[in-house]
Amino acid sequence: MANRIKIKKGLQIPLLGESELTARGTVTSEFVRICPEDYPGVAPKLAVKVDDTVKAGSPLFYEKKHPEMVFVSPVSGVVTEIERGERRRILNIVVKADGTEEYIDFGKKSVASLSPEEVKKAILEAGLWFAIRQRPYDIVAVPNKQPRDIFVTGFDSSPLAPSYDFILEGQEADLQAGLDALAKLTAGNVYLSISSKTTNPALRQAKNAVITEFDGPHPAGNVGVQVNHLKPVNRGEVVWTLNALNVAMIGRVFNKGVADLTRTVALTGSEIKEKGYYNMLIGTELSSIFEGNVTEGISLRYISGNPLTGRKIEKNGVLRAYDAQVTVIPEGDDVHEAFGWASFSPKRYSAGGTYLQLKKKYRLDARMLGGPRAIIVSNEYDKVFPMDIFPEQLIKSTLAFNIEKMEQLGIYEVAPEDFALCEFVDTSKLELQRIIRTGLDMLRKEME
Amino acid sequence: MKALRNYLDKIKPNFEEGGKLHWLHSTYDAFETFLFVPNITSRSGVHIHDARDSKRTMIIVVIALIPALLVGMYNVGLQHYMAIGQQASIWDMFLFGLLAMLPQLVVSYVVGLGIEFAIAQARKEEVAEGFLVSGILIPMILPVDTPLWMIAVATAFSVIFAKEVFGGTGYNVFNVALITRAFLFFSYPSKMSGDQVWVRTSDTFGVGGGNVVDSYSGATPLGQLATSEAANFSEFTFQGITGQSLSISDMFFGFIPGSMGEVSTFAIILGAILLIATGVGSWKTMLSVFLGGAVAIVITNLFAQNALMDMPMHYHFLLGGFAFGAVFMATDPVTSSRTEKGKWIYGFFIGLLAVAIRVFNPGYPEGMMLAILFMNAFAPLIDFYVVDANIKRRLKRVATAKTANE
């Protein structure tokens, strides 16, 4: 029987538009775009030029300081464009798929017979290293550092989250191979956290991992919360974190011998007509699943990811690297709501007691619903932040960039996503995730 | 509403960068966001937001204050007509109170909000809503006969020097409304205490003229006790302004002389219920103020040397600004402790000090104001120790992790 940890603080936002557990087939697109910006902590160096021919699994770019960390093309085809932004920052690498699906063969391997170095090399050369993130700093793991432990979250608790149970059906062997591979990469433990509702036996009865059951509202599924409850990160320590979907993706490279960047993606959100699960490669253009499948006549917000931590994309945007969910909600910029401060409208949702709490699902749009203010209300963040950390004090020290205070208050233990709920409930409408992301990046620059 | 929206959209360009009324941009923005929820959508981070904003929070506090405000207005009239010995209907009394109160409210808001709007414009920020609450609190904690110019001066002083120089709403160390009162208390003591200021005996805008009856005395109950010669509380009775004895129910419902907002414990309880139910005010702070007060009262009762020390607990809680301070002043999130453990300590000492000042310093029979201001200063220190415990725990964890590795 797994250990059980009960999370009391948190918030399950009752959002309309959960995806039904139906597989709706595979989505492909002519062009695939890979965005180096998706990978925090990575300084991209191009490995291809326009007009180069690539196979699925050929490196498109690599990390400047760690050239062994490559990022590969999910399809075979031709590099047609390298889109750049300000200061020649690489925005997108566009590959035109030739439709042949020609994969580079890395060779099937049995994890049990490999040394830790061979395991690491196999993941790196297949371009799947990005799946492993590290704390501190919440960046793509630095390959030559030894992690104290590796933490894997086996469920997603965020609003409208995809069901890992459903997605991992049929990927049981890959998941186990991935866990076995990770176990070779640390002298410590691989911790796998599952939800009290998890049913998939591959998660419940996984071997080579310490299984803990978490019970409670979001952010119980956030790996940072799980680390904080299991074995918090101390100054000077490094832990690696992943989600179970990415573990299975790593497992695939050993079982199939190819870099298969296929994801099963939940299409969710109040504005989607036919919700369900689609298979697609990372970087696939999403317009085909939106076409005729969204509410007409109002302005919409398309999100790759969930409504708390996802990225805003255009209608013809692509599936971003870490996401297994695509969400469409109303944008709300065409709404003029009078006297919101006096409103009793049942359409307005608040986690606090200043609005009536109804037992229903809400259709929320992307409006801020207020102007930015200084932090005024107290004990607001704490209620949705189930870690042994004072969130408000940590944010204030991060804004002031007081490194000593940040360290003392636990900056090494957190990632921007841990502050997503704080940002949602924040009366002062501050951009908390951005504050933490900037703080972590600046801190890393300072320390390295 | 649609016509209004169209009108706002039409005049909006004048207030934008480069428009001829750009110097009024913050003012325009304040009015626009008052009328319509801004339709700005999120640019980074979460895509959805909670419907609660700063305006909603402040408006809840204002609503919570309204029962105390209404009862207070009625009581101003009641005390007045009692003082001049005339019969009057409930509506006459209420009207008198309204007329006495309204100019003070207007002065407080005009001066305070005027400064806030100007400074917000200079800083190119949105106008923060904090003064919506402070502006109504100020007349509620002042004697009814405070001259308007004094309110104007004190409000200006307190908004500028207690709030804006610290960075505005959210950054102030001391409660703005209480600084206003403290400023007046120390600058014009004769207008802020004694037995001449709590009841308006003259007419207001020609309403309610008359001569004061012979038996009139305008001292507040606490003032009476502070100056009493009685050796213990049982020899003492509280008197109303015409010499009648005051019952517990008079004190509970607020038919006694005193600052307008503070007299009715009943109305304050209504406000407290709203604040607690909506989660806007911290029940921990409120409860701990009463706990701290109770501890101090039990001790002073045990070692009673005079009538003030001997006063039973329920009188302490019903009289003066104790309940009002506990519910509406101590819970100000900006000047209170911000940690939950800290709130218990912060509230407890407010209660304790308020009773101590009341009992041991009869020169200031109203200790609540000073106790809260004093603890405002200590709130960051309390938080420091609460947070420091977390920091120490983290450092200890590093130490154990190190020894385990060696």
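The values are calculated or read from the model by the stated rules, or taken from the named source; none is laboratory data. What you see is a predicted model; the values in this text were computed from it and never measured. Note that we place each Cβ from the backbone using ideal geometry, even for glycine, and neighbour counts take in every protein chain shown.
The number of residues in the stretch B:304-337 being touching a Phe, Trp or Tyr at 6+ places or on another chain (Cβ under 7 Å) and polar (S, T, N, Q) comes to 3. Only one of the numbered conditions (1) in a helix (DSSP H, G or I); (2) modelled with pLDDT under 95; (3) more than 11 Å from chain A (Cβ to nearest Cβ); (4) over 25 Å from the mean Cα position of the chain (by Cα) is not met by B:Ile357, and that is (4).
Only one of the numbered conditions (1) part of a helix (DSSP H, G or I); (2) away from chain A (no Cβ under 14 Å); (3) over 18 Å from B:Glu129 (Cβ atoms) is violated by B:Asp9, and that is (2). When the residues of the stretch B:299-318 are narrowed to those that are among the aromatic types (Phe, Trp, Tyr) and either assigned to a helix (DSSP H, G or I) or under 27 Å from B:Val61 (Cβ atoms) (or both), which ends up farthest from the other protein chains (Cβ to nearest Cβ)? Across the stretch B:299-318, the extreme among qualifying residues is B:Tyr315. Inspection of the stretch B:319-335 identifies no residue that is of a type in the set (D, E, K, R), assigned to a helix (DSSP H, G or I) and either within 17 Å of A:Asp382 (Cβ to Cβ) or assigned by TED's automatic domain parsing to the domain that holds B:Val173 (or both). If the requirement is being under 20 Å from A:Gly370 (Cβ atoms) and either touching a Cys at 6+ places or on another chain (Cβ under 7 Å) or not polar (S, T, N, Q) (or both), which of these qualifies: B:Phe94, B:Phe36? Residue meeting the stated conditions: B:Phe36.
Quick one: would you say B:Arg338 is facing chain A (nearest Cβ under 9 Å), of a type outside the set (S, T, N, Q) and assigned to a helix (DSSP H, G or I)? For B:Arg338, the condition - facing chain A (nearest Cβ under 9 Å), of a type outside the set (S, T, N, Q) and assigned to a helix (DSSP H, G or I) - is not met.
Tallying residues that are of a type outside the set (A, V, I, L, M, F, W, C) and more than 7 Å from chain B (Cβ to nearest Cβ) within the stretch A:326-371 yields 14. Among residues of the stretch A:46-72 that are over 25 Å from A:Pro143 (Cα atoms), those with a Cβ under 7 angstrom from a residue that is of a type in the set (S, T, N, Q) and not in a loop (DSSP other than H, G, I, E, B), sequence gap 6+ or separate chain, pair up as A:Val50/A:Thr80. Looking at the stretch A:161-173, is at least one residue part of a loop (DSSP other than H, G, I, E, B) and crowded, with 24+ Cβ neighbours inside 10 Å? Scanning the stretch A:161-173 turns up at least one residue that is part of a loop (DSSP other than H, G, I, E, B) and crowded, with 24+ Cβ neighbours inside 10 Å. Evaluated against (1) touching a Cys at 6+ places or on another chain (Cβ under 9 Å); (2) not assigned by TED's automatic domain parsing to the domain that holds A:Arg33, A:Asp105 falls short on exactly one condition, (1).
Does B:Phe117 count as in the same structural domain as B:Gly240 (by TED's automatic domain parsing) and in contact with a strand residue (DSSP E or B) (Cβ under 7 Å, 6 or more places away or on another chain)? No; evaluated as a whole, the condition is false for this residue. Within the stretch A:396-416, the set of residues being within 12 Å of another protein chain (Cβ to nearest Cβ) and of a type outside the set (Phe, Trp, Tyr) comprises A:Lys396, A:Ser397, A:Glu404, A:Lys405, A:Met406, A:Glu407, A:Gln408, A:Leu409, A:Gly410, A:Ile411, A:Glu413, A:Pro416.
If the condition is being within 9 Å of chain B (Cβ to nearest Cβ) and surrounded by fewer than 20 Cβ atoms within 10 Å (Cβ to Cβ), then the stretch A:432-447 contributes only A:Arg434. Checking each residue of the stretch A:376-386 against the condition of being crowded, with 21+ Cβ neighbours inside 10 Å, facing chain B (nearest Cβ under 7 Å) and not β-branched (Val, Ile, Thr) gives at least one match.
Residue by residue through the stretch B:23-57, note down the ones that are within 7 Å of chain A (Cβ to nearest Cβ) and either in a helix (DSSP H, G or I) or more than 18 Å from A:Phe424 (Cβ to Cβ) (or both). Residues satisfying the conditions are B:Thr33, B:Leu35, B:Phe36, B:Asn39, B:Ser54, B:Lys55, B:Arg56, B:Thr57. Would you call A:Leu16 under 30 Å from A:Lys383 (Cβ atoms), in contact (Cβ under 8 Å) with a residue 60 or more places away in the chain and assigned by TED's automatic domain parsing to the domain that holds A:Asp165? Against the criterion (under 30 Å from A:Lys383 (Cβ atoms), in contact (Cβ under 8 Å) with a residue 60 or more places away in the chain and assigned by TED's automatic domain parsing to the domain that holds A:Asp165), A:Leu16 qualifies. Exactly one residue among B:Gly85, B:Gly72, B:Gly77 is exposed (fewer than 15 other Cβ atoms within 10 Å of the Cβ) and within 30 Å of B:Met251 (Cα to Cα), and that residue is B:Gly85.
Exactly one residue out of A:Ile329, A:Ile289 is assigned to a helix (DSSP H, G or I) and either assigned by TED's automatic domain parsing to the domain that holds A:Ser158 or crowded, with 17+ Cβ neighbours inside 10 Å (or both), and it is A:Ile289.
Quick test of your reading of the structure: A:Ser157 fulfils all but one of (1) farther than 25 Å from A:Val72 by Cα; (2) surrounded by fewer than 20 Cβ atoms within 10 Å (Cβ to Cβ). Name the failing condition by number. With respect to (1) farther than 25 Å from A:Val72 by Cα; (2) surrounded by fewer than 20 Cβ atoms within 10 Å (Cβ to Cβ), A:Ser157 is out only on (2).
Residues in the stretch A:174-199 that are closer than 13 Å to A:Glu213 by Cα, not hydroxyl-bearing (Ser, Thr, Tyr) and not in a strand (DSSP E or B): A:Lys197 only. Counting the residues of the stretch A:350-375 that are under 30 Å from B:Trp344 (Cα atoms) and crowded, with 23+ Cβ neighbours inside 10 Å gives 1. Against the numbered list (1) at pLDDT 95 or above; (2) of a type in the set (A, V, I, L, M); (3) touching an Asp or Glu at 6+ places or on another chain (Cβ under 9 Å), B:Ile40 comes up short only at (1).
Considering the conditions (1) out of contact with any Ser or Thr (no Cβ under 6 Å at 6 or more places or on another chain); (2) without any contact (Cβ under 8 Å) to a residue 12 or more places away in the chain, A:Thr354 is excluded by exactly one of them, (1). The single residue among A:Ser73, A:Ser29 that is surrounded by 14 or more Cβ atoms within 10 Å (Cβ to Cβ), in contact with a helix residue (DSSP H, G or I) (Cβ under 8 Å, 6 or more places away or on another chain) and within 24 Å of A:Thr264 (Cα to Cα) turns out to be A:Ser29. Restricting the first member to the stretch A:218-246 and to residues that are without any contact (Cβ under 8 Å) to a residue 24 or more places away in the chain, and the second to residues that are not basic (Lys, Arg), the beta-carbon pairs closer than 9 Å and six or more apart or on different chains are A:Gly236/A:Tyr412; A:Gly236/B:Val398; A:Gly236/B:Ala401.
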